[in-house]
Amino acid sequence: MKIKLGSFREKITYLLFGGCLFCASMYMFESYSGMVSSILLLTLSILIYLFNIKPLAKSQILNCLIILSFIMFSMVVNWSFASIDIRTVVIVISSYLVIQSFSYEDFLKKYTDCIMVIALFSIAVYFLYKVAPGAFGAFPRHLWRNHSVLFVNLWLSVVPVGMQDYFRNFGIFYEPGIFQFYLNIALLIELFSNKKINVFRVLVLTVAVITTLSTNGYISIVLVFFAYGLFVILGSENRDKIYRKIGFLVLLSVIAIIFVVLIDKGIIGSRVFMKFSSTKTSGSYYDRTNAISYALSKIFQNPVLGVAARGIEDSYNATFTPLNWMMLYGIVIEGYALVGYSKMFSRLTSNRWLKIFVVAAAFSTILTQDLSFEWIVWCFIFCGIKNGVSKYNEKSELY
């Protein structure tokens, strides 16, 4: 019996990539030592590279070394050798190896496919719990970080059985606000990287975002569809434009119906939209806006190298990702992160004006949770850096 080596390698790579997602972000690893998940993450990343060995460009190695040097220098200057700092180094190395293993298109496909599996399972679990909560009684239970919410662990999804009337879809993550980031980014990629809309995949991702009951998730998905609406109008050829317009209108109609039904059934409660009415001293809206001033106060202490993990006394307030890069490890890391993340998503369209809206939609997903050193975020950053360098080299060869 002959085994196709390419197909076998592809399947193993999918499993390894999914394993990296779990090690980097899965709720269950909150219960273990961060070092355990870090070792697993690094091991899986090395295996991905070994299964997909590609030559490492000198410019890519240099960028990675510069990033690592500034992070480690910040750690030394701030005398900060916390597990978070060490894990950050692991995440940077791991994400670098993974991105060097794939082309841009391959990376996007693996990401969206893995998130689709998580989204499908989480939706099924979400509605099953609504119908038959007793079915989850036999599964292992765990308390959330601050011991305030009881969870059931299903590995491909965690079920917050202790949230009662405020039941939300967490996926495999420890915050629904983090899950919405993964979902909205997958949706953005799904809409812009394919010539034809896969209605089923788009609907699954959309419903999953809705069930997170994340205010930022709702804002982000509106921006994603707004950007895609402009793409339909501006970015297609005549024949494609007609099909895309029809598909887009049908899709919006179906999503609107789903949204109305979920509101009518009480699944989407008023809490999603009441967060903006929080008081000046408490509440979700206050915490998120306070995160900006908190990050700025830390940045002013050392804008060049940041304050590292040791300088963050209140991590609960550090939720504004675009400033957290600079707050932790300084302006060089901030520059790399902003440029890399922007270039990653600007490549999804060739229209200059559309690039602005696509990048804005991508950034909107990271405004209310600390994702500054989330493994997949650094995969996006290195993917953007790699793409930017290759584009520069292509232009240089023309002169």
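The values are calculated or read from the model by the stated rules, or taken from the named source; none is laboratory data. Note that the coordinates shown come from a computational prediction; the quantities given were computed from them, not determined experimentally. Cβ atoms come from the backbone with ideal geometry, glycine included; neighbour counts cover every protein chain shown.
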- Item | Near pairs, Cβ below 8 angstrom, 6+ apart or cross-chain, from segment 334-347 (within 19 Å of Ile91 (Cβ to Cβ)) to any residue that is surrounded by fewer than 21 Cβ atoms within 10 Å (Cβ to Cβ) and among the β-branched types (Val, Ile, Thr) | Tyr336/Ile66
- Task: Could you please find all residues in segment 22-55 being modelled with pLDDT of 90 or more and out of contact with any Gly (no Cβ under 8 Å at 6 or more places or on another chain)?
- Result: Leu41, Leu42, Thr43, Ser45, Ile46, Leu47, Ile48, Tyr49, Leu50
- Query: Hey, among Ala318, Ala360, which residue is in contact with an Asp or Glu (Cβ under 7 Å, 6 or more places away or on another chain), closer than 30 Å to Phe300 by Cβ and surrounded by fewer than 22 Cβ atoms within 10 Å (Cβ to Cβ)?
  - Reply: Ala318
- Message: Just checking, does segment 51-59 include any residue being aromatic (Phe, Trp, Tyr) and more than 16 Å from Leu328 (Cα to Cα)?
- Response: yes
- Query: Among the residues of segment 216-224, is there at least one that is surrounded by fewer than 24 Cβ atoms within 10 Å (Cβ to Cβ), modelled with pLDDT of 90 or more, in contact with a Phe, Trp or Tyr (Cβ under 7 Å, 6 or more places away or on another chain) and under 26 Å from Thr349 (Cα atoms)?
  - Reply: no
- Item | Members of segment 302-315 that are surrounded by fewer than 17 Cβ atoms within 10 Å (Cβ to Cβ) and either touching a residue at least 60 places away in the same chain (Cβ under 8 Å) or in a helix (DSSP H, G or I) (or both) | Arg310, Gly311, Ser315
- Query: Which residues, taken from segment 80-107, are under 17 Å from the mean Cα position of the chain (by Cα) and of a type in the set (Ser, Thr, Tyr)?
  - Reply: Thr88, Ser94, Ser95, Tyr96, Tyr104
- Note on the structure: Restricting segment 321-357 to residues that are closer than 16 Å to Ile189 by Cβ and among the charged types (D, E, K, R), the one surrounded by the most Cβ atoms within 10 Å (Cβ to Cβ) turns out to be Lys343
- Note on the structure: Note on segment 288-301: residues over 22 Å from the mean Cα position of the chain (by Cα), over 10 Å from Met326 (Cβ atoms) and either surrounded by fewer than 16 Cβ atoms within 10 Å (Cβ to Cβ) or modelled with pLDDT of 90 or more (or both) are Ser293, Ser297, Phe300, Gln301
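Residues are listed down the side, and each one gets a yes or a no for (1) assigned to a helix (DSSP H, G or I); (2) surrounded by 15 or more Cβ atoms within 10 Å (Cβ to Cβ); (3) small (Gly, Ala, Ser); (4) at pLDDT below 85:
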site	(1), (2), (3), (4)
Leu62	yes, no, no, no
Ser69	yes, no, yes, no
Phe73	yes, yes, no, no
Ile118	yes, yes, no, no
Ile123	yes, yes, no, no
Phe127	yes, no, no, no
Lys130	yes, no, no, yes
Gly134	yes, no, yes, yes
Asn146	no, no, no, yes
